[in-house]
Amino acid sequence: MPPTRYQKFETGVLYKGDNLRRLIHFPDECVDLIYLDPPFFSNRNYEVIWGEEAEIRSFVDRWQGGIKHYTGWMKNRLAEMHRILKPTGSLYLHCDPSASHHLKVMLDGLFARGDGGFRSEIIWKRSSAHSDTKQGRRIHGHIHDVILFYTKGDEWTWNPIYTPYSQDYIESFYKHVEPGTGRRYRLSDLTGPGGASKGNPKYEVMGVTRYWRYSEERMKELIEEGRVVQKKPGAVPAYKRYLDEMPGVPLQDVWTDVAPLSARGAERLGYPTQKPETLLERIIESSSDPGQVVLDPFCGCGTTIAVAQQLGREWIGIDVSQKAVGIMKARVDGLGANAKVIGLPQSLSDLKKLGHYEFQNWVVDRVGGQRSVKKSRDMGIDGWSFFERLPIQVKQWSKKVGREEIDKFEIAVERSGKHRGYMVAFDFTKDAYEEAARSREVGKNAVVLVRVKDVLDFAELIEVAELEKEVLDLSDASADLMSLFSIATEEAREKKKKRKLEKQPVASKDELEESIRSPELVSS
Ligand SMILES: C[S@@+](CC[C@H](N)C(=O)[O-])C[C@H]1O[C@@H](n2cnc3c(N)ncnc32)[C@H](O)[C@@H]1O
C-alpha cells in the first residue's frame, strides 16, 4: 500500500526524525529547491556529529556493507526527493570526493526519468591547506567538497549570480582611468563583425570609414554621451566600457571565494559540519525565488533554513537528531520565524519509547544542562546542571527507582565534589523518597528526586512563556525544579559578572543557592 501523503503541506516546519520516514509522506511535486549535506562517507569519526542514539544507529546502518550500503541508503532518500521536487525544481547534493562519483551515477539514473538531469559539478574549496598532508602521507591535500547540481526538468528557476572581477583581470583589461572621475574603463571594438554580409552599416566615424556594429543614429548618440574614443587621429574609434557598469563574472563551477567558517566566527554554533551561510546564499538565491519552498533533509545546525528565512523563502528542515532540531529552532526563531517542531517527544509514553542515550540527552537538554562527555567512568552521571554544574543522573526504568540507587548516587555526588545532585526518573519508591529526605537533612551530598513528568510539564511551561513572551508563572514550581532548570540564573550571573568586574569576592555557594531559589528574582 503506498504511504499516505500529508493532506496539509506545511512550511516553517522542523521535523525530528529519519528523513526517509518523513519524505514518503510529502505530496508529489511540492518543493522548489532541495539542498542536502548528508554525513559524509569518508571519515568515520567525523560522521557522528551529535552522538545521539538515533544518529549513531543511522550511521551504523550506513556503514555496514561499505559504499554499496551507503549509496543504497542514500538512493531511497534521493528517489523521494526527486518525486517531491516540482517540475522546475533543483537539487544540490553536497558530498566529498570519496563518494561523489557513486552518488553522481545514482542521481543520473534518477533524474533521467524526465527531461531533467545533471547540470553542474561545483567544486567548493573549503580550506586553503590541510593538515591531512602531514608528514609521511603520500596523497594530495584534500581541500575541496563537491556539490552536484541537478534539475528535475529542462526549465528551472535560475537567477544569475555574478562575482567580482579579480584585481589581475581589472589591471589587465580595465587599464584606463578617466581623469576627473577616476572611473576605470576598457576600450571595446565598435566595428561590425562579418561586415556587409552580416548586415552591418558602413559609414564614417571621426574620419574612419568602416562597417560598424551600430546604426549611424545610435553611433551619434554614443559620441554625444562621450562613449566613443579615438586614441589618436586616424585610429579606429572604440567604445568606452566602464568597469562600474559591468555585473561581474557570471558564477562559475569552481568556488574559491566562499570562506569556511572560522573557528571563532560570529556565525559558528560549534558543530564541525556547519556550513557557511554565504555558501547557502549562493545556492538559494540562484535556484529559487522569494516565496518558493526550500527543503534541507539533513539540516544539522539549520544553515539552509536560516538563510532561506532571511531571503524570504518558505522552508522545511529535517534532522534525525533531537539536539539539532533544538538548535535549528532557536536559530530560525531568532530570525523572526516561529518554527513548528514535529516529532520531538511530547508525552511520557513517547519518552519511554526513546533509546537509552536519546532519553538521557533529552532530559539533560530539556533542563538546559550539559551532557556528560565521559561515558565509561562517569559514575552514572549523565549530565550537569547549567549554572551550578551539579550532577544529574537519569533512569529510564519502567519500575520505580528505589533506595539502593539513591545510595549509589549519593556516593557519585560525593566523588564529584558537589554538595547536591539530581536523580531524574519516571517514578520513585517510598523508600527512595525517605532516603533522599535523609540525605538532605544531613545537608551533604543531598540527592534531589525529580520525576520526568515534572521535567516535561515545567519545560513546557517555560516554552509557552517564551513563545507568548510572558513572564513565567512560577507559583506552583518547586524550588528543586527551579534550581535544576537553573531558573533565576540570569540575575545571579549578572551579579557574578558585576562582582568580577569590581574585583570583589564572588558570592558564596549559599548566597548563590539562595538567589536561585528565590522566585521573586525571576518575575522581577
Ligand atoms: C553534515 S550534517 C549537516 C550540516 C548542515 N549542512 C549545517 O550547515 O549545519 C548532517 C546532518 O544529517 C543528520 N542526519 C543523519 N542521518 C539522518 C537521517 N537519516 N535523517 C535525517 N537527518 C539525518 C545528522 O544528525 C546531521 O545533523
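FYI, it's all coordinate maths here, none of it is from the lab. Quick caveat, the model's predicted, so the values are computed rather than measured. When we count neighbours, we look across all protein chains shown, and the Cβ atoms used for this are built from the backbone with ideal geometry, even at glycine.
Between amide H atoms placed 1.01 Å from N, distances below 5 Å from Glu29 occur with Ile84, Leu85, all of them 5 or more places distant or on a separate chain. Remark on Gly343: its backbone amide H falls under 5 Å from those of Lys16, a criterion applied only to residues 5 or more positions apart or on other chains, H modelled at 1.01 Å from N. Restriction of the GluC sites (Glu not before Pro) in the stretch 264-348 to DSSP coil positions whose beta-carbon has at most 16 other beta-carbons within 10 angstrom yields Glu267. What the Cβ-Cβ distance of Ser172 and Glu217 gives, at R0 = 35 Å and to the nearest 0.05, is a FRET efficiency of 0.55.
Taking only the alpha carbons of the stretch 165-245, we obtain Rg and Dmax values of 13.9, 41 Å in that order. What's the long-distance tail for the stretch 348-454, i.e. % of Cα pairs beyond 17 Å? So the portion of pairs separated by more than 17 Å is 48 percent. Taking amide H as placed 1.01 Å from N in the peptide plane, Arg126 has its amide H under 5 Å from the amide H of His144, Asp145, each at least 5 places away in sequence or on another chain.
Approximating the spin labels as points 7 Å out from Cα along Cα→Cβ, the Met246-to-Lys68 distance works out to 5.3 nm.
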